[in-house]
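Everything on this sheet refers to the single structure shown next.
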Amino acid sequence: MPQTANSPLISLRSGPLSGSVSVPGDKSISHRALMLGALASGRTRISGLLEGEDVLNTGRGLAAMGCPVHRLGGAWEVLGRGVGGLAQPEGPLDFGNSGTGVRLMMGLEAAYEILVRLVGDASLSRRPMGRVLDPLVRMGVEVPDGARTLPLSLRGTSDLLPIEYQPPVASAQIKSAILLAGLHASGATSVIEPEATRDHTERMVRYFGGEVTIGERDGKRLITVRGNAELEGRSVEVPGDPSSAAFLAAAALMVPRSEICIKGVLVNPTRTGFYTTLREMGADLVFQNEREQGGEPVADITVRHAKLNGVRVPPERAPSMIDEYPILACLAAYATGETHMAGLAELKVKESDRLAATLAGLKANGVRASADGDTLCVAGGRSVPGGGTVETHLDHRIAMAFLTLGLAADRPVTVDDAGIIATSFPEFRGLMHGLGARFAAPEDIRG
């Protein structure tokens, strides 16, 4: 039964998990495929698009600005408007819970002389937007109400100025917003990265015909996009989301005698820090059938239950696995020894304060854990007591991480809201059930 908002769900100790499955399309690539399809001339056909609320809200926003976005059979079609083709929407654009959607859309809208009102849910309205707005204002964008969080209004310009910018934090969202705006600036726009972040925007801009160069300056990554770009519609096949696959991989490692094959997963090097960490912990995990799909590397990932050891995860790995720390922390609870995860400042400004939410959820279920500044330490053991209720704070990844934790815990683990999972992985419950996982609504528990 599909979950609705504010619907608790209980995770029960399960037998071996087994099967071969595909996870939904990568969320980051899905957002970008829709947006670049809108900026391109002609038709873009997208197969494997993630049909979670976050991505659907991006599609609705584009449609509200005059770009037709339709589902046709098993794929999605975007009828691109080309340069200057987007129009003033009649009302606010609602991005729900999606930080990626709203921040990238700010960059896309920067080149249009329209006034757009951007809104989101309570969680998104607490998240910082100034870090994206600052470089866009330097390019000529106006923020009439001066807001730094949602709701806010943004007015673009057809005379965008090219800039060179080094973001204050490692963030693919900041970088991507600048590059999307730079496609319409009069000249070259560059972003300087001290630490590499996910590079889907660079790859996809090239795939659609834009000019992107990658270089180095003083040991830092230099990404430059050429303005006045003319993009052409393309066919895009979205690979499986490695962040969604992480929950399945962790479940297989937690539950004894499990073996799962996850097919067609994105293995872009800027997104595989979680899998690197699993191998360091002693995971039985292999990439098979490695190939390229739409300019991105893809593989099938087979994971078997294994005894894990605690490790130290270096802070420089954080950009390549920032979304996977909650599930890594839950998995670390089953490892022998302590796992130290450093450099987690960005977790504090996600859909929730994920560092605080993860720590609270672990403690609620009898796991010894502590946080010091931006470092999380989890003391693992042979078993997890469980029995606690986890507050998700409207965060889909907190919900899925602790539902996964409960599959091997001594007592059931409850999350207070499973409905929020629909923002990124609406198939989560059914897919996990198919592998052998046991979830139940409170009213279904007897005795």
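Selection among VAL212, GLY387, MET65 by position relative to the dipole of the chain gives GLY387 as farthest towards the positive end (Cβ unit charges, Cα centre). Rounded, prolate or oblate: pick one for the range 27-236, where a ≥ b ≥ c are the square roots of the eigenvalues of its C-alpha gyration tensor, a/c under 1.5 means rounded, and failing that, prolate if a/b is larger than b/c, else oblate. Since a/c stays below 1.5, the shape of the range 27-236 is classed as rounded.
Give me the tail of P(r) for the range 71-175 as a percent: Cα-Cα pairs with distance above 22 Å.
Values: 1776 of 5460 pairs.
For the range 71-175, the fraction of Cα-Cα distances above 22 Å is 33 percent.
Beta bridges per DSSP, both residues in the chain: antiparallel share near 75 percent. Residues whose amide H falls under 5 Å from that of ALA147, counting only those 5 or more places apart or on a different chain, are SER153, with hydrogens built in the peptide plane.
Once you order the gyration tensor axes a ≥ b ≥ c over the Cα atoms, which shape class does the range 332-447 get: rounded for a/c under 1.5, otherwise prolate or oblate by comparing a/b with b/c? Judged from the Cα gyration tensor, the range 332-447 comes out oblate (a/c at least 1.5, b/c at or above a/b).
How much of the calculated P(r) for the chain lies past 40 Å, in percent of all Cα pairs? Tail fraction, whole percent: 16. Expressed as a whole percent, the proportion of Cα-Cα pairs in the range 4-59 lying more than 12 Å apart is 75%. In summary, the convex hull built on the alpha carbon positions of the range 39-122 has an orientation-averaged projected area of 5.3 nm².
With loop membership from DSSP and a limit of 14 other Cβ atoms within 10 Å, the longest segment of the chain without trypsin sites (Lys or Arg not before Pro) is 1-147.
Kindly provide log₁₀ I(q)/I(0) values, in the same order as q = 0.24 Å⁻¹, from the Debye equation applied to equal alpha-carbon scatterers of the range 169-267. Evaluating at q = 0.24 Å⁻¹ gives log10 I(q)/I(0) of -1.21. In straight-distance terms, cross-link reach from LYS27 covers every one of the lysines whose alpha-carbon lies under 20 Å from its own, apart from those fewer than eight places away in the same chain; here that gives LYS175, LYS263, LYS350. At 20 °C and 1.002 mPa s, grab the translational diffusion coefficient of the range 238-283 from Stokes-Einstein with a Kirkwood Rh over Cα pairs, rounded to a whole number in µm² per second. Once the numbers are plugged in, D ends up at 192 µm²/s. Classify the range 245-328 as rounded, prolate or oblate, taking a ≥ b ≥ c as the square roots of the eigenvalues of its Cα gyration tensor: rounded when a/c is under 1.5, otherwise prolate if a/b is larger than b/c and oblate if not. In terms of gyration-tensor shape, oblate. The separation of the range 1-77 from the range 210-243, counted between C-alpha centres, amounts to 21 Å. Listed by chain and number, the aspartates and glutamates whose alpha-carbon sits under 14 Å from that of LYS363, ignoring those within fewer than 8 places in the same chain, are GLU391.
Here, each number is a calculation from the coordinates, and none is a lab measurement. All of these numbers come straight from a predicted model, not from anything done at the bench. Backbone-built Cβ (ideal geometry, glycine too); neighbour counts: all protein chains shown.
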